[in-house]
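Encoded as structure tokens, the structure appears first; notes follow it.
The values are calculated or read from the model by the stated rules, or taken from the named source; none is laboratory data. What you are looking at is a predicted structure, and each value in this text was computed from that prediction instead of being measured. Don't worry about glycine lacking a Cβ; one is built from the backbone with ideal geometry, like all the others, and counts go over all protein chains shown.
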């Protein structure tokens, strides 16, 4: 019997980094959790209690008490929510980029991803 090979569909490298995360939801609701992994494209945030949000909903996400993103909900399960980054406050981008490069096991891939994002 042949073993199935799982094909990676993500365009960006995920790093298994855990950071404190704060979600700001509509109605001034704030939840705290932690990232399970993160990439230049998005992150998965683990939460004790996952709120009722729909795929495509937007929230604010703050990492390390300083990096602020606007994110779109991609998927959720009982353990947390997967987000796609939509916007990062520009003053935090350089810090985020350096953090990703410092923690990447494959710096060359991350540098290529940076070039792809810059090219649009």
Name the residue, out of 112, 72, that is over 17 Å from residue 47 (Cβ atoms) and either modelled with pLDDT under 85 or surrounded by fewer than 18 Cβ atoms within 10 Å (Cβ to Cβ) (or both). 112
Got a number for residues in region 32-56 being surrounded by 16 or more Cβ atoms within 10 Å (Cβ to Cβ) and either touching a helix residue (DSSP H, G or I) at 6+ places or on another chain (Cβ under 7 Å) or farther than 21 Å from residue 92 by Cα (or both)? 3
I need the full set of residues from region 96-109 which are in contact with a helix residue (DSSP H, G or I) (Cβ under 9 Å, 6 or more places away or on another chain), loosely packed, with under 13 Cβ neighbours inside 10 Å and not in a helix (DSSP H, G or I), in order please. none
Kindly check whether there is at least one residue in region 7-22 that is modelled with pLDDT under 90, under 17 Å from the mean Cα position of the chain (by Cα), within 20 Å of residue 78 (Cα to Cα) and not in a loop (DSSP other than H, G, I, E, B). no
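Could you list, in sequence order, the residues of region 77-95 that are in a strand (DSSP E or B), in contact (Cβ under 8 Å) with a residue 24 or more places away in the chain and in contact with a strand residue (DSSP E or B) (Cβ under 7 Å, 6 or more places away or on another chain)? Working first, answer last.
If we filter region 77-95 for residues that are in a strand (DSSP E or B), which is where we start, we get 77, 80-88.
Then keep just the ones that are in contact (Cβ under 8 Å) with a residue 24 or more places away in the chain; that gives 77, 80-86.
If the condition is that a residue be in a strand (DSSP E or B), in contact (Cβ under 8 Å) with a residue 24 or more places away in the chain and in contact with a strand residue (DSSP E or B) (Cβ under 7 Å, 6 or more places away or on another chain), then 80, 81, 82, 83, 84, 85, 86 are the ones that fit.
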Scan region 83-95 and give yes if some residue there is at pLDDT 90 or above, surrounded by 16 or more Cβ atoms within 10 Å (Cβ to Cβ) and touching a helix residue (DSSP H, G or I) at 6+ places or on another chain (Cβ under 8 Å), otherwise no. no
